[in-house]
Amino acid sequence: MQKVLHLNADKCTGCMQCEMACSYENYGVYATARSRIKVFDFHVTGKKVPYTCTQCDEAWCLHACPVEAITVDKASGAKIVSESTCVGCKVCTIACPFGTINYVQETGKVQKCDLCYDRAEGPACAEACPTGAITYVDANWTGLDRMKQWADKLGNQPSAA
């Protein structure tokens with residue numbers, strides 16, 4: 001069973017624990033600038049929204065990479081950037097319609113969420129989130145099945161003819 005990150009902006013307080021956990025897991029330092037997940041702060045509304053790679057099925061980043069530095073981890077479904085293969089051309093950053101792949105000036109490579117694919121506990125951000133704004137859930141829980149459940153609650157039942 002594959003799992004995905006589920007982000008619930010209504011529960012986010014902007015504590016930045018997800019960013020700190022991500023940077024520590026991947027780089028061994030607490031530095032939000034190095035995090036692969038970001039919390040956007042909408043100053044006008046006061047809303048905080050966690051945002052990271054959604055591991056798209058289409059994976060435009062993967063298909064756009066001219067050196068095949070992005071691959072799919074079979075177990076988790078995560079799209080993973082191989083630092084040793086990446087040449088830092090940034091084509092994947094252009095291809096990603098969500099802006100969740102970032103160029104890292106210090107390394108000359110790109111980084112993106114890989115669901116902490118080699119971490120037994122799952123993504124560090126989900127484990128660190130104190131409010132449940134970030135959870136790691138069964139992939140079938142999101143998407144079409146969830147929309148159907150919601151539609152059924154709203155009366156999307158077959159009519160008796």
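The values are calculated or read from the model by the stated rules, or taken from the named source; none is laboratory data. Computed from a predicted structure; not experimentally measured. So basically every Cβ, Gly included, is an ideal-geometry build from the backbone, and we count neighbours across all protein chains shown.
Before moving on, here are some points about what is shown:
- Helices (runs of 4 or more DSSP H) enclosed by segment 1-96 - at least 1 residues per element that are more than 17 Å from the chain's Cα centre (by Cα), among the small types (Gly, Ala, Ser) and not assigned by TED's automatic domain parsing to the domain that holds Asn140: 60-64
- Scanning segment 64-88 for residues that are under 29 Å from Val137 (Cβ atoms) and touching a helix residue (DSSP H, G or I) at 6+ places or on another chain (Cβ under 9 Å) yields a count of 9.
- Restricting segment 21-49 to residues that are touching a Phe, Trp or Tyr at 6+ places or on another chain (Cβ under 8 Å) and surrounded by 20 or more Cβ atoms within 10 Å (Cβ to Cβ) leaves a set whose member that is farthest from Ile134 (Cα to Cα) is Ser23.
- Here the condition is being in contact with a Lys or Arg (Cβ under 8 Å, 6 or more places away or on another chain), buried (at least 19 other Cβ atoms within 10 Å of the Cβ) and touching a residue at least 12 places away in the same chain (Cβ under 8 Å); of Cys12, Cys18, it holds for Cys12 alone.
- Residue match in segment 113-123 (condition: under 20 Å from Gly14 (Cα atoms), touching a strand residue (DSSP E or B) at 6+ places or on another chain (Cβ under 7 Å) and not in a strand (DSSP E or B)): yes
- Residue count for segment 97-112, restricted to those that are of a type outside the set (Phe, Trp, Tyr) and either assigned to a loop (DSSP other than H, G, I, E, B) or exposed (fewer than 13 other Cβ atoms within 10 Å of the Cβ) (or both): 9.
- Near pairs, Cβ below 6 angstrom, 6+ apart or cross-chain, from segment 126-146 (closer than 17 Å to Val49 by Cβ and at pLDDT 95 or above) to any residue that is assigned to a helix (DSSP H, G or I) and among the basic types (Lys, Arg): Thr131/Lys11; Gly132/Lys11; Ala133/Lys11
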